[in-house]
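Below is one structure, written out as structure tokens, with a few remarks after it.
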Amino acid sequence: MTRKARLTLVALIVVCVLPVAASYFAFYVWQPSGRSNYGDLVTPTLLPDGALATADGGQFAREDIKGFWTYVVVSPAACDESCRQALYFTRQVRTAQAKESPRVARVWLLSDDGAPDASLLAEHPELVVARADRQWLDQLDGTTVAQVWLADPRGNVMMRYPTELDPKGMVKDLARLLKYSQVG
């Protein structure tokens, strides 16, 4: 065998073996985190069907948010600091989507019978405020601490955010969903 033939054979072996070796290295030695979203993905569950009373005397139902990516904040009417922060962050995350912001809605589900502060509601003009019933609270694990969920345009809750919110992570999650979503 000539020197040129040996070099060709060695190059051919390297080209064939290198991708396999790199894949084993990547899988067993250098494992990526495997997660690119900030919120926790949950099994998509359809929101309950019943209508809820809104703070302004109207009604709110799951059908009202069909076609929108929707942040759902579950909290008592006596909005503490974590609740105020959740409402503020969801408003800012929606605003950060710029031209895509009309595709995003926000709902505050009151987990008790109290009345929300009027000055707080004035800070959030496009926020839908509804009093959740037991069926909605069971679906969304209503607690005394503000909890933020994300529902898809079909009305399925599909992501839950931690109690300590990071608006940058929320912006990235929503931007990615809006970019690749064919619905809403």
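Taking each residue of the stretch 73-85 that is assigned by the TED database to the domain that holds ASP133 and looking for partners that are among the acidic types (Asp, Glu) with beta-carbon atoms closer than 7 Å, six or more apart or interchain, yields PRO76/ASP112; ALA77/ASP112; CYS79/ASP117. Is there a residue in the stretch 152-168 that is closer than 17 Å to THR95 by Cα and buried (at least 17 other Cβ atoms within 10 Å of the Cβ)? Within the stretch 152-168, one or more residues are closer than 17 Å to THR95 by Cα and buried (at least 17 other Cβ atoms within 10 Å of the Cβ). Exactly one residue among PRO32, PRO48, PRO19 is at pLDDT 85 or above and surrounded by fewer than 19 Cβ atoms within 10 Å (Cβ to Cβ), and that residue is PRO19. The residues of the stretch 97-136 that are assigned to a helix (DSSP H, G or I), touching a residue at least 60 places away in the same chain (Cβ under 8 Å) and open to solvent by 60 Å² or more (accessible area, probe 1.4 Å) amount to a single one, GLN135.
The values are calculated or read from the model by the stated rules, or taken from the named source; none is laboratory data. Worth saying up front: this structure is predicted, and the values here are computed from it rather than measured. In this analysis, Cβ positions are derived from the backbone assuming ideal geometry, glycine residues included, and neighbour counts consider all displayed protein chains. What goes into the accessible areas is simple: the full protein's heavy atoms, side chains included, and nothing from ligands, DNA or RNA. Shrake-Rupley method; radii C 1.70, N 1.55, O 1.52, S 1.80 Å.
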